[in-house]
Amino acid sequence: MDAYIGVDVGRTTRIAVVDASGRILSQRRINTVLTDGRSLVDQLIREVVALKNVSQQTVLAVGVGLPGLVDIDQQVQILPNLPDISAIDIRSELAAAVSLPVILDNDANAATYGEWKCGAAKNANNLVYISIGTGIGGGIVLGGKMQRGARGYAGEFGHMKVGLQELDCSCGSVGCLETVASGPNIVRRAREMIFESPTYMRSVLASKISKRLTCEDIVEAAMQGDELAMRVISSTANYLGTAIANVINLFNVELVVLGGPVMTTSTILLEYIREYLKQGSFPKLYDCCKLVAASLGDNAGVIGSAIMAQDRLSEQRMAARG
Ligand SMILES: [Zn+2]
């Protein structure tokens, strides 16, 4: 059976063999080497070659999603904390080592592709996917085509300006959505609110503050009606809903898919976002757009990068046939 390898690079890297319909046949998770770009690339090559060699299927191509800017020439331009990686031609090195065609893309684009081809956005032609986790990423499909922009960097949803808190962002700017609504920043805002108000010291979240407070704790407390947790969820939804309203007003998409670890744990957040989205959107555009949760969970990236590799390969074969 023909198959494809999908790779989703993050703090943990997932590598999977995926069939043509997007079903995962086998996979492994590894702790990513994050010391320097060279070591990370060597690790990726080693792991992909090893998985290809043990796979019982005929692997035809490899797709890799990376948490940074990947340009249309398949060069990684920015990977946070690993600046030396932009000097490495990852695609050529991996293709030579594994003797297969390889494509690279931004990890959120890969997840968008997965949800679009095999998940919650199947059959949609105009959609935006947004992933909320340690960072906030996104991907755009318009007129049945992934939109990559002039150099391949489109979809940096996390760096839309919400402008209420002028906090420094990892992108070099200030006031980005990611600085208030990513997983770690949701937790940071909850902690700050606990320390700022004596009332909130009685919150169920305050009792957890000596331990590692997580987004799951906040969601759980909100479900139990904790006032502080509700305020954190509501303000997070306000930031996200406002930013999504801008996207809907701009692109008239039929579907917005919300994924990533923060969304996986929180249906309450989705409901609040829907309210703010309604308030912020042009009513006609809101009425023809659905807001849904992603359906592939943390498999979206590996499935998407594998199916993207499959589609790229068949495009190339069609072009070769003329
Ligand atoms: Zn930013």
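The values are calculated or read from the model by the stated rules, or taken from the named source; none is laboratory data. These numbers were taken from a predicted model, which means no experiment stands behind them. For neighbour counting, all protein chains shown are included, and Cβ atoms are generated from backbone atoms with ideal geometry for every residue, glycine included. When the accessible area is computed, the model is the full protein with side chains, heavy atoms only, and any ligands, DNA or RNA have been set aside. Shrake-Rupley method; radii C 1.70, N 1.55, O 1.52, S 1.80 Å.
At a glance:
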quantity: Some residue of segment 235-244 being open to solvent by less than 30 Å² (accessible area, probe 1.4 Å), in contact (Cβ under 8 Å) with a residue 24 or more places away in the chain, assigned to a helix (DSSP H, G or I) and more than 30 Å from residue 78 (Cβ to Cβ); calculated: no
quantity: Residue within segment 167-175 that is aliphatic (A, V, I, L, M) and more than 18 Å from residue 243 (Cβ to Cβ) present; calculated: no
quantity: Whichever residue in segment 134-151 is farther than 20 Å from residue 306 by Cα and within 15 Å of the ligand (Cβ to nearest atom) and, among such residues, is least open to solvent (accessible area, probe 1.4 Å); calculated: 136
quantity: Sole exception among (1) more than 16 Å from the ligand (Cβ to nearest atom); (2) within 18 Å of the chain's Cα centre (by Cα); (3) closer than 24 Å to residue 105 by Cα for residue 215, by number; calculated: (3)
quantity: Hits in segment 152-186 - residues which are open to solvent by 20 Å² or more (accessible area, probe 1.4 Å), away from the ligand (no atom under 12 Å from the Cβ) and either closer than 21 Å to residue 213 by Cβ or at pLDDT 90 or above (or both); calculated: 153, 154, 165, 184
quantity: Of all residues making up segment 40-82, the number that are over 24 Å from the mean Cα position of the chain (by Cα) and among the β-branched types (Val, Ile, Thr); calculated: 4
quantity: Complete set of residues in segment 187-211 that are modelled with pLDDT of 85 or more, open to solvent by 70 Å² or more (accessible area, probe 1.4 Å) and in contact with a helix residue (DSSP H, G or I) (Cβ under 9 Å, 6 or more places away or on another chain); calculated: 195
